[in-house]
1. Filter the range 220-240 for residues that are over 16 Å from Gly128 (Cβ atoms) and part of a helix (DSSP H, G or I); which is modelled with the lowest pLDDT?
2. Answer yes or no: is there a residue in the range 396-403 that is closer than 20 Å to Gly338 by Cβ, among the β-branched types (Val, Ile, Thr) and either touching a residue at least 40 places away in the same chain (Cβ under 8 Å) or surrounded by 19 or more Cβ atoms within 10 Å (Cβ to Cβ) (or both).
3. So if I check each of Leu70, Leu103, which one is out of contact with any Ser or Thr (no Cβ under 8 Å at 6 or more places or on another chain) and under 25 Å from Ala194 (Cα atoms)?
4. Only one residue in Val9, Val41, Val34 is more than 13 Å from Phe96 (Cβ to Cβ), of a type in the set (Val, Ile, Thr), in a helix (DSSP H, G or I) and under 31 Å from the mean Cα position of the chain (by Cα). Which one?
5. Exactly one of (1) closer than 20 Å to Ala167 by Cα; (2) part of a helix (DSSP H, G or I); (3) touching a Phe, Trp or Tyr at 6+ places or on another chain (Cβ under 9 Å) is unmet by Leu91. Its number?
6. With the range 325-443 as the region, which helices (runs of 4 or more DSSP H) entirely inside it contain at least 2 residues that are in contact with a Lys or Arg (Cβ under 6 Å, 6 or more places away or on another chain) and not assigned by TED's automatic domain parsing to the domain that holds Asn287?
7. Go through Val211, Val182, Val205 for me and flag whichever is more than 17 Å from the chain's Cα centre (by Cα) and either assigned by TED's automatic domain parsing to the domain that holds Thr263 or within 21 Å of Ala131 (Cβ to Cβ) (or both).
8. May I ask you to verify whether Ala123 is farther than 21 Å from Gly207 by Cβ and free of Cβ contacts under 8 Å to residues at least 40 places away in the same chain?
Amino acid sequence: MGGYVTDIVRRACAFAAVGSLALAAPIAGGAAAVVFLAIAVIAAFVVTDGPVFELFARPGDRKGNTLYGLAGVALAATGLALLAMLPGFGLPLSVFVGTVLLLSYGNVGEQVVRSRTTSEIVATVGFGVVAFLGAVFGMVATARLSGDPARSAGEILFLAAAGALLAALLRSLLLERDDPLVMSSVGILLWFLADLTAPAPMEDVLGALAVTLALGYGSFALGAASIPGMLTGVFLGLLTLVLGGPAWFVVLVTFFGVGALATKYRYDQKVEHGVAQENEGARGSGNVLGNSAVALLALLGYAASPNPVDLPEAIFLYAFVGSLATALSDTLSSEIGGVYDDPRLITTLEVTEPGTDGAVTWQGVVAGTAGAAAVAAIALLLYPAVEVVGAATVVAAGFVGMNADSIIGATLEGDRLGNKSVNFLATLVGAVAAAGFAGLLGL
């Protein structure tokens, strides 16, 4: 076993050595893409056995005597290098280097930790910390080697943290052979974030990272989120706090916090009714994203300045708040209403079994409306642009979205749509309703 573990760490270090070739890009230019492409070709067609093969081979590679893993990672690096080198694309060179080093070094950190413990959370932390440091090193080194002015410290830390969190999240959901997808996804995300308006100063980014990590770990320790769910929440929280600000973050945390408490409410009774959240109430990444993806899109639209569709910033604000009012409203409606008997199908009002898609109770509707009102009250308190009429539109949007969730659940959920898709569509309805009401009222 010890030798096997050592081989895994050695292989991760070998991949990291290959990834380090990205540091030549600021000096060699387009030749870096050629180098990675050559490595991909050699891995796929030339090296089929021998010490080099044994050094890089993953378990699946030995079945076909081909270094698929190395070839895939090298091709992903080639693609990012071409986006950085070819005219007309504009991927920042620092993003290319930082992304490659992020994944390459992060894997080393994870495997070293795994060689010493079986704890998944500790291994995830090992990956994230080393990936973050690798990204920071790559971006700073790129500036030094190329002679170009360095990005601000705040921007470097923000991009490195966002990339490390996304990579850790994807690694927790995918397999090791999917590293090319992870590298490409992180590179594209950081490319997009680098083109947004400048993020907060370094101390604000560090503060945002500390707050989101503390809350994320708390949710995991209390059993409110799985590891992927925790990573998703921290990732969304960091983006929200840095790109939106404290007020946006408070609304997001309100949904997560109140939703988690509602999930634990009379959990044993929900188990008896067959409506309890799986994994003892610990929400996964799919659940978090299903309820928060629309809010994230609204946040990114707000942060893009000028935005591509030339809409007022207030529209994105109302879309963000409206989507989360819907998410919290639907969560409370389901989690509170699920403990009561004799729910009725929203489309026919006939009494049905607890847990039936589209089933509602009047207690759940009241609780859901209260959730939307809570989000509206926070928006009224924290957003100068939101006045009493605006808060009322948020409540209305949450109510509309909550009922849209029930209607979609009663008509489409099951064979056509899963629960996460229904949540996404409902929050989209809530976001559109809030933005539409705000636009019609001239808010």
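The values are calculated or read from the model by the stated rules, or taken from the named source; none is laboratory data. Because the structure is a prediction, the values reported are computed rather than measured. All Cβ positions, even for glycine, are placed from backbone atoms using ideal geometry, and neighbour counts span all protein chains on display.
1. So the first thing to find is which residues in the range 220-240 are over 16 Å from Gly128 (Cβ atoms), and the list is 221-224, 240.
This time we only want the ones that are part of a helix (DSSP H, G or I), so: 221, 240.
Values: Ala221: 87, Thr240: 93.
Among those residues, the one meeting the criterion is Ala221.
2. Our first condition is that a residue be closer than 20 Å to Gly338 by Cβ; within the range 396-403, this holds for 398-399, 401-403.
When the remaining residues are screened for being among the β-branched types (Val, Ile, Thr), the result is none.
Within the range 396-403, not a single residue is closer than 20 Å to Gly338 by Cβ, among the β-branched types (Val, Ile, Thr) and either touching a residue at least 40 places away in the same chain (Cβ under 8 Å) or surrounded by 19 or more Cβ atoms within 10 Å (Cβ to Cβ) (or both).
3. Working: Leu70 fails: under 25 Å from Ala194 (Cα atoms).
Only one candidate qualifies: Leu103.
4. On the way: Val41 fails: under 31 Å from the mean Cα position of the chain (by Cα); Val34 fails: under 31 Å from the mean Cα position of the chain (by Cα).
Result: Val9 is the single residue among Val9, Val41, Val34 that is more than 13 Å from Phe96 (Cβ to Cβ), of a type in the set (Val, Ile, Thr), in a helix (DSSP H, G or I) and under 31 Å from the mean Cα position of the chain (by Cα).
5. With (1) closer than 20 Å to Ala167 by Cα; (2) part of a helix (DSSP H, G or I); (3) touching a Phe, Trp or Tyr at 6+ places or on another chain (Cβ under 9 Å) applied to Leu91, the lone miss is (2).
6. Numbers: elements: 362-382, 388-411, 419-441.
Output list is empty.
7. Values: Val211 fails: more than 17 Å from the chain's Cα centre (by Cα); Val182 fails: more than 17 Å from the chain's Cα centre (by Cα).
Only one candidate qualifies: Val205.
8. Details: farther than 21 Å from Gly207 by Cβ: yes; free of Cβ contacts under 8 Å to residues at least 40 places away in the same chain: yes.
So Ala123 passes the test.
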